[in-house]
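The values are calculated or read from the model by the stated rules, or taken from the named source; none is laboratory data. On a predicted model such as this, the values are computed, not experimentally measured, just so you know. Note that we place each Cβ from the backbone using ideal geometry, even for glycine, and neighbour counts take in every protein chain shown. In case anyone asks, the SASA skips ligands and DNA or RNA and just uses the protein heavy atoms, side chains included. Shrake-Rupley method; radii C 1.70, N 1.55, O 1.52, S 1.80 Å.
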Amino acid sequence: MRFNFSSHSAAPTSTATTTTQANGGDKAAQPLKKAIEADPDSLDSVISNPHSYPITIVPNRPTSFYGLSANGKGFQRQPSCRSRNFRPGSMRRVRRRAVFKNGDCNVVQKHLQRRRVRFLQDMYTTMVDWQWRWTLLAFALSFILSWLFFALIWWLIIYTHGDLEELHLPDNQEESGWAPCVSAIDGFTSCFLFSIETQHTIGYGVRTTSPECPEAIFMMCFQSIYGVMSSAFMAGIVFAKMTRAKQRAQTLLFSKHAVICQRDGCLSLMFRVGDMRKSHIIGAGVRAQLIRTKSTKEGEVMTQYFTELEIGTDDSGSDLFFIWPMVIEHKIDENSPLYNLNATDMLQDKFEIVVILEGTVESTGQSTQARSSYINTEILWGHRFDPVVLYNKDLQAYEIDYGRFNETTQVDTPLCSARELNEIYKIQEGFRTPASPSSIHSSSSGYQFPGNPNRLRWQLSVPL
């Protein structure tokens, strides 16, 4: 049974009467009435008392609503061209952003001229940027194809020299007195094995090159040089792929939300950064940029306009001594692009704040960069981050609780913009310290007031 709340009270009485008659008349209603009197907060008491909350009782839905036919059998699903992943109302609205939360850039390139040629010219970077499956496939194919290629070259050299004739095979060489180019070669399979031994300098001691064929000596030298170069090239690619900065950035954390609250009387935008590893980031620095739409005086609309935000932590600026999670603060003052935004504008405006953490990895000495972003709906107005660093007396060390890394606490924060808040503070400061007639008289006689001259201006602006 489904309950539909409405504004009238006549329908519940008639419907409730119908329901009572359907269940057995007035006799069946007497136990129900006693149960209602015993539990006044139950759903039945609300139904029987229309004056407490007007509701309308709607009869049960038909069996066809639940996927059953009249005889109780299930319906057969009709084929549909709509995707299974699509469900109306089940997907949230995806807001566009330039940088995802994991740091990947939401950029797709198209209409690139000579794209493949340019990428092949920088083969090393191209292979490093590949996914692991393609890198490992290229690593294996580079060896297998080179083995097959040089095996074919060795087979041609031996074939042209006549070593594969019946009387010149290894079993008949002692009787015929034949001197082959490579000993113990009787077909393509043995040529393939000799190619592997030569390229990787294995040297089992069975197949060796003789001085009868100068071309064989040259090919042995060439394949040995190629083997060293290809091994160094592929090992460098795998090493660079494993130690690139993107991998170290996986252990650098950004808070899920940014917050706005008051610090020292001023509104501040804050987010938190952390490092999961014990090996620290040397020379860590944080930058933040605001991406929003801007219109110029000439009428040009720049949809991706970057504005640098002045950020810092405590009084140390943007350079961090990054030994534990730190809260990065952007003070919303006259120089901030968020100076005129209040809590309502923050939800309605469309912008994105990209945060970048850069530094040098202590263990490898390589530079790394971690990125994240916050859109307007990911900024909590009137919240403050909970502390995560506490001193443990038992361990005699500072303990970091990463379980509270994204935890915030709601605090009292004005909903007005920073500009309006500063104007209110100025007015309150003027009315809080009114000037006396004697002070104004002494000021007119040439007396110099000590203190802030701005405060004197507000004192003189108060009507006496």
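The residues of the stretch 170-329 expose on average 56 square angstrom of accessible surface per residue, using a 1.4 Å probe on protein heavy atoms.
Counted by Cβ distance under 15 Å from GLN109, the other residues give a net charge of +3, where Lys and Arg count +1 and Asp and Glu count -1. Each Lys or Arg adds one and each Asp or Glu takes one away; over the other residues whose Cβ falls under 13 Å from the Cβ of ARG419, this sums to -4.
Full extension of the segment from ARG96 to ILE282, taken as 0.36 nm per residue of separation minus the current Cα-Cα distance, would add 63.6 nm. One decimal place: the segment LEU347-LYS426 gains 25.7 nm when fully extended, by the rule 0.36 nm per residue minus the C-alpha distance. Here the Karplus relation 6.51 cos²θ - 1.76 cosθ + 1.60, evaluated at θ = phi - 60°, turns the backbone of the stretch 411-424 into coupling constants of 10, 6, 9, x, 8, 7, 6, 5, 5, 5, 5, 5, 5, 5 Hz, with x for every Gly and Pro.
Residues whose amide H lies under 5 Å from that of LEU253, counting only those 5 or more places away or on a different chain, are GLY274, ASP275, MET276; hydrogens are built 1.01 Å from N in the peptide plane.
Here the Karplus curve 6.51 cos²θ - 1.76 cosθ + 1.60, taken at θ = phi - 60°, turns the phi angles of the stretch 244-257 into couplings of 6, 5, 5, 5, 5, 5, 5, 9, 9, 10, 10, 5, 5, 10 Hz, with x standing for Gly and Pro.
Placing a label point 7 Å from the Cα of THR189 along the Cα-to-Cβ line, the residues of the stretch 121-148 whose backbone N sits under 17 Å from it are 148. Here the accessible area is traced with a 1.4 Å probe on the protein chains. For the stretch 212-362, carbon and sulfur cover 57 percent of it. Return the FRET efficiency for the residue pair ASP319, VAL389: r is the Cβ-Cβ distance, R0 is 25 Å, and the value is rounded to the nearest 0.05. With R0 = 25 Å, the Cβ-Cβ based efficiency is 0.85. Other residues whose C-beta falls under 13 angstrom from the C-beta of HIS280 contribute a net charge of +1, scoring Lys and Arg +1 and Asp and Glu -1. Dipole magnitude for the stretch 130-243: about 1020 debye, using +1 per Lys or Arg Cβ and -1 per Asp or Glu Cβ, origin at the Cα centre. Across the stretch 371-377, computed HN-Hα scalar couplings (Karplus, 6.51 cos²θ - 1.76 cosθ + 1.60, θ = phi - 60°) run 10, 7, 8, 9, 8, 4, 7 Hz from first to last residue, x flagging Gly and Pro. The stretch between THR208 and THR307 holds 28.7 nm of extra length on full extension. This uses 0.36 nm per residue minus the Cα-Cα distance. The alpha-carbon positions of the stretch 248-422 define a convex hull whose volume is 136 Å³ per residue. For the stretch 179-250, the set of GluC sites (Glu not before Pro) satisfying both a DSSP loop assignment and a count of at most 14 other C-beta atoms within 10 Å is given as GLU212.
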